[in-house]
Protein chains: 2
Amino acid sequence: MLETVSTTKIFNGTQGVYAHESELCQCTMRFAVFVPPQASENHRRLPVVYWLSGLTCTEENFITKAGAQRLASELGLILVAPDTSPRGPDVPDDPEGGYDLGLGAGFYVNATQVPWAVHYQMADYITQELRALIEANFPVDPEAAGICGHSMGGHGALTLYLKNQNLYRSCSAFAPIVAPSQVPWGRKALNAYLGPHEESWRTADAVHLLTDHGPSDQPILIDQGTEDIFLDDQLKPHLFASAAQEVGQPVTLRMRDGYDHSYNFIATFIDDHMRWHHQHLIKE
Amino acid sequence: MLETVSTTKIFNGTQGVYAHESELCQCTMRFAVFVPPQASENHRRLPVVYWLSGLTCTEENFITKAGAQRLASELGLILVAPDTSPRGPDVPDDPEGGYDLGLGAGFYVNATQVPWAVHYQMADYITQELRALIEANFPVDPEAAGICGHSMGGHGALTLYLKNQNLYRSCSAFAPIVAPSQVPWGRKALNAYLGPHEESWRTADAVHLLTDHGPSDQPILIDQGTEDIFLDDQLKPHLFASAAQEVGQPVTLRMRDGYDHSYNFIATFIDDHMRWHHQHLIKE
């Protein structure tokens, strides 16, 4: 059951926000879907890109700030932007009040630890429950799905892609956390959600996934601003580039001179990512 | 004296937010300026478009939601987006707590009434103080300025343009309040800021300005969504179109099927307005 929170016309398509009762997350979850005009013009099923947002974001940030709908409307891409964590009065939050754990910081993993495990099942939520809901309710081609994200959501896109190559045919990221096991944001979150045994973190870490599972059969696109204040301490994209080179994973890592971590950076390069996904999703 | 609050790279240009002590508004005022890459490439002075936002907005809404920087960067347009009212602990607000008077609701007039007159001098602020500050601190061509706005800011753009044709060479608006003397938002604000004598409202009403002063020497572009919930009660663009026809003012009023009052509507058509201003500002 899908509840329509709002729909608005934009670039001749429809930007909707929807809510549903999530079985996996055991709470009401919201997500945003942009449907381009091609959906009504010819009743065909369209390629879809899942966008995973970063820390503190909801389903709103991407749809109001990235400007992705303009080109998606032209190319005929459906865009899906879920929330970044379970929400609601029963959902636990960081006891220290941080922005980097709990609400707005689900890290796209399936939590195994108390008190997180009951609600924080974001990996399966994105790849299974949300995906099935989208395929049942929107005119997407289930064979033509890509995944993309920013920061914590870039981590989500890389890890969910590398673990589920049968589900996604293209992957790209803006300023992703590529090695959560090695940086403060990631260590705090994985320790809380998955427990102190670092072996259990390996399948939630893009660098480890590359090393443990080998390359995917598609190239990966990453854009990273050089003036991003999180670059050296939290993001470390060179760790992913090195691991990729070792295992033979094609990666295009573009260091973007002067850009920061914000949606100004995302807006500047979102068209490149839309075209990247579209090219990979429409090819025979 | 200009204080830089923030600068961010976007679309190869610079999106800045600045603060200064306003003499006219007797408070600290903020405004946003986008400078495209052409400014540093050839040291020439560039055309500038002033954007006036609507009720409840600050200098932030336009620069984060409209997506105007993409085409402005390509065309070489400087964009200036001021706040919508004076701000600060000494600045009076609507005693009824409404969003349509006081903070965020300056209506781009010079208030004459107690307690508003001390700070609410938004008409002269936009056309004189801010303008001088921009011309002194940014590489704008003072002979090539346009004005544009949304809702209350569309009212601001139309009225300030019609009263100051020596200052602006192009004018456009999204869903403007065209006849504030005849609608609830406008009547509340003009009564408070200018007092109960409606004759004093005439120079703050675009329809009256057309009738009293005759046409400008440039066409005016207006976009209006048909699903805008404020269309019938607050905006009434046909009143402007009728007055324009009577006095011989060329107006292009485009009713946009299915669009609402939000930034989704603005984002969809902002490129048209950027091109419109650019065409009028660069012609010999």
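Nothing in this text is a laboratory measurement; each read-out follows from the coordinates by a stated rule. Fair warning: this is a prediction, and the values are worked out from it, not measured in the lab. Quick reminder, even Gly has a Cβ in these numbers, built from the backbone with ideal geometry, and neighbours come from all protein chains shown.
Give me A:VAL5, B:VAL183, B:VAL80, B:VAL207 ranked fewest to most by other Cβ atoms within 10 Å of their Cβ, as a rough exposure proxy. Before the final figure, lay out each step's value.
Working: A:VAL5 13, B:VAL183 19, B:VAL80 26, B:VAL207 22.
Listing A:VAL5, B:VAL183, B:VAL80, B:VAL207 from fewest to most nearby Cβ atoms yields A:VAL5, B:VAL183, B:VAL207, B:VAL80.
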Starting from the Kirkwood radius over alpha-carbon pairs of the stretch A:224-269, derive D by Stokes-Einstein at 25 °C in a medium of 0.890 mPa s and give it in µm² s⁻¹.
216 µm²/s
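Net charge around B:SER151, counting only other residues with Cβ within less than 11 Å of its Cβ (Lys, Arg = +1; Asp, Glu = -1)?
Numbers: positive: none; negative: B:ASP100, B:ASP228.
Summing Lys/Arg as +1 and Asp/Glu as -1 gives -2.
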Using the Karplus curve 6.51 cos²θ - 1.76 cosθ + 1.60 with θ = phi - 60°, what ³J(HN,Hα) values do you get for each residue of the stretch B:106-113, in whole Hz, with x for Gly and Pro?
x, 6, 6, 10, 9, 5, 10, 9
Can I get the semi-axes of chain B's equivalent ellipsoid? Compute them from the C-alpha gyration tensor as square roots of 5 times the eigenvalues, in angstrom, largest first.
26, 23, 17
Would you mind checking which residues have amide H under 5 Å from A:LEU52's amide H? H placed 1.01 Å from N; only 5 or more apart, or other chain.
A:CYS148, A:GLY149, A:HIS150
Mind counting lysine pairs for me in the protein assembly as shown? Cα separation below 23 Å, and the two need to be 8 or more apart along the chain or on different chains.
15
Show the residues, 5+ positions off or on another chain, whose built amide H is closer than 5 Å to the amide H of B:ILE10.
B:GLN15
Which of the listed residues, B:GLN121, B:TYR259, B:GLN218, is farthest toward the dipole's positive end in the stretch B:109-262, when Lys, Arg count +1 and Asp, Glu count -1 at the beta-carbon?
B:GLN121
When each copy gets a label point 7 Å from Cα toward the beta-carbon at B:ARG45, what are the spacings between them in nm, shortest first?
6.0
Kindly give the distances from A:GLU227 to its copy-mates, label point to label point, with each label point 7 Å from Cα along Cα→Cβ, as nm values to one decimal ordered shortest first.
3.8
Kindly provide log₁₀ I(q)/I(0) values, in the same order as q = 0.10 Å⁻¹, from the Debye equation applied to equal alpha-carbon scatterers of the stretch B:94-195.
-0.29
Ranked from fewest to most other Cβ atoms within 10 Å of their own Cβ, A:ILE282, B:ILE134, A:ILE220 fall in the order A:ILE282, B:ILE134, A:ILE220
Here D for the protein assembly as shown, in µm²/s, from Stokes-Einstein with a Kirkwood Rh over Cα pairs at 10 °C and 1.306 mPa s, works out to 63 µm²/s
Of B:PRO37, B:GLY154, B:PHE62, whose Cα points farthest to the positive end of the dipole of chain B (charges on the beta-carbon: +1 Lys, Arg; -1 Asp, Glu; origin at the Cα centre)?
B:PRO37
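Filter the trypsin sites (Lys or Arg not before Pro) in the stretch A:1-89 down to the DSSP loop ones having no more than 16 other Cβ atoms within 10 Å, then list what survives.
A:ARG44, A:ARG45
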Which whole number gives the average count of other chain Cβ atoms within 10 Å of the Cβ atoms across peptide A:60-69?
3
Would you mind computing, in nm to one decimal, how far apart the modelled labels at A:ALA132 and A:ARG254 are, each placed 7 Å from Cα along Cα→Cβ?
3.8 nm
What list of ³J(HN,Hα) couplings, whole Hz, do you get for the stretch B:233-249 from phi and the Karplus terms 6.51, -1.76, 1.60, once you set θ to phi - 60° and write x for glycine and proline?
8, 10, 9, 6, x, 5, 5, 6, 4, 5, 4, 5, 4, 4, 9, x, 8
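In whole Å and largest first, what semi-axes does the C-alpha gyration tensor of the stretch A:1-127 yield when each eigenvalue is scaled by 5 and square-rooted?
Values: eigenvalues 175, 41, 29 Å².
The three semi-axes for the stretch A:1-127 are 30, 14, 12 Å.
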Nearest to the axis that maps chain B onto chain A: list the chain B residue whose Cβ wins, with the distance in whole angstrom.
B:GLY67, 2
How large is log10 of I(q)/I(0) for the stretch B:208-284 at q = 0.18, 0.22, 0.24 Å⁻¹ when the intensity is taken from the Debye formula with one equal scatterer per alpha-carbon?
-0.84, -1.08, -1.14
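Give me the net charge for the shell around B:ARG30: Cβ to Cβ below 13 angstrom, other residues only, Lys and Arg +1, Asp and Glu -1.
Working: positive: B:ARG87; negative: B:GLU3, B:GLU21, B:GLU59, B:GLU60, B:ASP83.
Overall, the nearby charge balance is -4.
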How big is the gap, in Å, between the Cα center of the stretch B:133-163 and the Cα center of the stretch B:11-44?
14 Å
With N set to the number of residues, divide the alpha-carbon radius of gyration of the stretch A:139-216 by 2.2 N^0.38 Å and report two decimals.
1.12
Under a 5 Å amide H to amide H cut-off, with H placed in plane at 1.01 Å, what residues pair with B:CYS27 once short-range neighbours are removed?
B:SER22
Fewest-first ordering of B:ILE147, A:ILE78 by Cβ atoms within 10 Å yields A:ILE78, B:ILE147
Would you tally the net charge around A:ARG256, using a Cβ to Cβ cut-off of less than 11 Å, leaving A:ARG256 out, and scoring K and R as +1, D and E as -1?
-4
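Charges at C-beta only: +1 for Lys and Arg, -1 for Asp and Glu. How large is the resulting dipole of chain A about its Cα centre, in Debye rounded to 20? Intermediate results must be reported in sequence, preceding the final value.
Numbers: 18 positive and 34 negative charges, 118 e Å.
Result for chain A is approximately 560 debye, rounded to the nearest 20.
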Output ³J(HN,Hα) for the stretch A:10-19: one whole-Hz value per residue in order, computed from phi by the Karplus curve 6.51 cos²θ - 1.76 cosθ + 1.60 with θ = phi - 60°, and x for Gly and Pro.
8, 6, 6, x, 10, 9, x, 10, 10, 10
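Compute, for the stretch A:1-128, the length of the dipole vector about the Cα centre, with Cβ point charges of +1 (Lys, Arg) and -1 (Asp, Glu) only. Units Debye, rounded to 20.
640 debye
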So for the pair B:THR28, A:ARG187, with labels modelled 7 Å out along Cα→Cβ, what separation do we get in nm?
3.7 nm
Debye log10 I(q)/I(0) for the stretch A:130-284, one point scatterer per Cα, at q = 0.09, 0.12, 0.17, 0.20 Å⁻¹
-0.28, -0.50, -1.00, -1.30
Once the label point is placed 7 Å from Cα along Cβ, list for A:GLN245 the distances to the corresponding points in the other copies, in nm, shortest first.
7.0
